[in-house]
Structure formats: structure tokens, C-alpha cells
Amino acid sequence: MDIVLKIIFGLLFMSVLVCIHEFGHYIVGKKCGIGVLEFAIGFGPKIWSTEKNGTIYSVRCLPLGGFTAFEGEDEESDSPSAMNNVSVSKRIATILAGPVFNIVTAILISMFLLCTQGEVNSTISKVSENSNAMAAGLQAGDVITDVNGRSTVFSMEVSGKLYTLKNQGETARITVERNGQPMFFNIPFDSNGQIGISMANVQKYSIVNAFGKSIRWGYAIAYDTFSALKGLFTRTQPLEDMGGTIAIIDVLGTSVNYGLYTVLRIAVLISFSLGIMNLLPIPALDGGRLIFCFYEAATKHPIDRELESKIHFGGFVILFGVMLLLMFNDVLNIFVR
């Protein structure tokens with residue numbers, strides 16, 4: 001029963017975050033005068049629907065997010081309210097709204113967490129005995145400000161960069177602040193992929209400072225996301241460390257066992273990631289659609305709608321293939337490895 005509840009919670013949690021994304025598209029599209037054919041929660045066959053002012057609102061049987069279907073989104077339409085007939089600026093605003101809603105949601109949640117619970121900063125709380133870090137001269141109380149060119153404020157930034165360096169087989173070049181002075185260290189990883197430091201200093205922020213630090217939190221997530229993607233192409237990021245839909249649902253479902261704080265931290269991570277990933281200039285994603293809008297804004301001529309639709313479909317096929325690969329990897333990680 002615990003497994004079933006975990007799956008249900010994970011699915012519902014993921015659906016809420018995706019629906020926030022789709023609601024952004026929906027509400028801004030409505031404000032821009034674009035006709036919305038349907039706003040759906042979930043996928044698959046409808047289990048409930050109603051129609052109001054020409055828009056179908058539905059709940060579908062598969063709780064895997066939702067979608068917003070705009071008039072004239074992927075085909076020509078003569079209606080003045082069709083997406084293909086409104087101004088480029090309104091289309092750009094509508095497309096951007098989904099990722100922006102996810103990012104704003106993540107910022108608001110992270111501000112709440114930073115004010116009420118705080119976050120572990122990059123101050124070293126312990127240096128392990130006989131470790132490479134101790135041999136190099138690092139001390140408890142040192143504040144890590146940079147790791148191999150990546151500036152650091154939070155411990156997760158230090159950990160993320162060290163993880164990448166370990167996979168790349170590089171030495172950690174660490175800059176710390178000690179008694180107000182910068183100090184520099186070159187520290188190799190040991191046989192266990194560690195350098196021998198711990199960070200456990202939790203710092204809370206005022207609501208004013210929390211806003212800036214929440215932006216920093218989002219930057220850290222974006223940095224690690226793009227580092228992981230780069231690592232896949234350069235083969236320095238192990239595929240088994242990458243997670244797909246199943247892994248996300250598993251993490252979301254498990255997080256409820258550790259309390260609201262953990263649930264909200266995971267929500268920040270997933271919501272930021274949804275916003276960032278959807279802005280990538282890949283066909284079928286919001287970023288890919290924005291590229292076509294920017295092209296039209298620059299040339300004053302839209303690309304052929306049929307060609308655009310085919311490009312997005314091709315991108316969807318590729319993304320679906322990657323999703324299947326990651327889901328297969330998730331199954332191996334959960335049940336085999």
C-alpha cells in the first residue's frame with residue numbers, strides 16, 4: 001500500500017507543477033485574446049468536462065500533468081482569435097508564460113524556505129581526519145567562495161561542482177575566505193571520490209535577502225542542469241545518474257515521508273527545472289516555439305505553418321525517445337542496479 005500511495009502522491013505532485021505551467025499559458029493566452037479550445041488536467045480519456053465561453057475544461061484519467069489547446073496553434077485558421085492571427089508579441093507572451101509561472105512558483109517557495117528554514121551555506125563545518133582536504137590545509141570555518149571557476153554561496157553549489165569534477169577526473173581548485181583573506185587550494189579526490197569536507201551551517205535570510213538568494217538557488221539548479229546535459233554529450237556524466245519521469249515521481253512520492261520541508265525543496269527543484277528545460281530552443285518545447293516567433297518578428301514573415309508543425313512533431317518524437325530511454329534507465333536504477 002505504501003508503494004501505491006507513493007506513486008499516487010508523486011503523480012499528483014507532478015501534475016500540480018505541470019498544471020501551474022499550463023495555467024500560465026492559459027491565463028496569459030486568454031488575456032491576449034487567443035481562443036482556448038481546451039484546458040485539461042491530465043491526459044487520456046475524459047472523466048469530466050464542461051464548456052464555458054467556447055473553452056472546454058476537462059479532467060482526464062491519467063494524472064500526468066495537463067495541456068492547453070489553443071486555436072490555430074499548429075494549423076492555419078481564419079479566426080481573428082486564432083494564435084496564428086494574433087500579434088507576435090502576444091504569442092511570445094503566451095508561450096513564455098508557462099516557464100515563467102514555474103520559475104515564479106519556485107522563487108516564491110524558495111523564499112518561504114529561506115526565511116523560515118534557511119539553507120546550508122558554503123562554510124566548511126568539518127574537515128575529515130587524514131583526508132586530502134586536511135592535507136591541503138583546509139579548516140573548519142573556511143568559507144568556500146569558488147570551485148574551479150564556479151562561484152559558490154550554498155553547499156549544494158559546492159557539492160554539485162565537486163560531483164562534476166569527480167566524474168571528469170579533475171582536481172578541485174578551491175578558493176576559500178579565511179579571516180577576510182582569500183586562500184587557494186588544489187585538492188585531488190580520493191579513491192572514494194571525496195576530498196573530505198562537510199558543510200552543515202544553516203543560514204536564514206530576511207525576506208528582502210531571500211529574494212536575491214532564491215534567484216541564486218534557481219541559478220544553481222540551472223547550472224547543474226546544463227552541466228549534466230553537457231556531461232551526457234561529453235560522456236563525463238554517467239547515464240545511470242540521470243533520471244526520467246519514473247525517477248521524478250519516485251522522488252516526489254518518497255519526499256512526503258520526510259515532511260513538508262523536503263516536499264517543498266523538491267517542488268523548488270522540479271518547478272525551476274520545468275521552467276528552465278522548457279526554455280531550451282528545442283522543437284516541441286516552448287523555447288523552440290519562441291525561436292519561430294523571434295524569426296517572424298525579425299523578418300516580418302512567418303515560417304510556413306505546415307513546416308513548423310512538422311519540425312515540432314520531429315522534435316516531439318526525439319524528446320519522446322529520450323524520455324523512453326530515461327524511463328528505461330529509471331527502471332534499471334530502481335529494480336536492477
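The values are calculated or read from the model by the stated rules, or taken from the named source; none is laboratory data. All of these numbers come straight from a predicted model, not from anything done at the bench. Note that each Cβ is placed from the backbone with ideal geometry, even for glycine, and that neighbours are counted across all protein chains shown. Just the protein is used for accessible areas: all its heavy atoms, side chains included, with ligands, DNA and RNA removed. Shrake-Rupley method; radii C 1.70, N 1.55, O 1.52, S 1.80 Å.
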Practice prompt. List the number of the failed condition for Pro302; all other conditions in (1) more than 30 Å from Ile8 (Cβ to Cβ); (2) part of a helix (DSSP H, G or I) hold.
Written response: (2)
Discussion item. What are the pairs with Cβ atoms under 6 angstrom where one residue, in region 264-280, is farther than 13 Å from Ser214 by Cβ and assigned to a helix (DSSP H, G or I) and the other, located anywhere, is of a type in the set (D, E, K, R) and open to solvent by less than 30 Å² (accessible area, probe 1.4 Å)? Sequence gap at least six, or different chains.
Written reply: Asn278/Asp286
Worksheet entry | One residue from Phe272, Phe292 being closer than 30 Å to Phe112 by Cα, modelled with pLDDT of 90 or more and hydrophobic (A, V, I, L, M, F, W, C) | Phe272
Worksheet item: Can you name every residue in region 39-91 that is of a type in the set (Lys, Arg), open to solvent by 70 Å² or more (accessible area, probe 1.4 Å), touching a residue at least 12 places away in the same chain (Cβ under 8 Å) and in a strand (DSSP E or B)?
Response: Lys46
Worksheet item: List the pairs whose first member sits in region 290-319 and is of a type in the set (D, E, K, R), whose second member is open to solvent by 80 Å² or more (accessible area, probe 1.4 Å), and whose Cβ atoms are under 8 Å apart, counting only residues at least 6 apart or on separate chains?
Response: Arg305/Glu75; Arg305/Glu76
Practice prompt. Report, by residue number, each residue of region 239-258 that is open to solvent by 30 Å² or more (accessible area, probe 1.4 Å) and either at pLDDT 70 or above or assigned to a helix (DSSP H, G or I) (or both).
Written response: Leu239, Glu240, Asp241, Thr245, Ile246, Ile248, Asp250, Val251, Thr254, Val256, Asn257, Tyr258
Worksheet item: Of the residues that make up region 175-195, is at least one surrounded by 21 or more Cβ atoms within 10 Å (Cβ to Cβ), in contact with a helix residue (DSSP H, G or I) (Cβ under 8 Å, 6 or more places away or on another chain) and under 20 Å from Glu129 (Cβ atoms)?
Response: yes
Worksheet item: Out of region 106-122, which residues are among the β-branched types (Val, Ile, Thr) and either in contact with a helix residue (DSSP H, G or I) (Cβ under 7 Å, 6 or more places away or on another chain) or surrounded by 19 or more Cβ atoms within 10 Å (Cβ to Cβ) (or both)?
Response: Ile107, Ile109, Val120
Worksheet item: part of a helix (DSSP H, G or I) and free of Cβ contacts under 8 Å to residues at least 60 places away in the same chain - does that describe any residue in region 113-133?
Response: no
Worksheet item: Can you find a residue in region 45-65 that is within 28 Å of Pro302 (Cα to Cα), of a type in the set (D, E, K, R) and out of contact with any Lys or Arg (no Cβ under 8 Å at 6 or more places or on another chain)?
Response: no
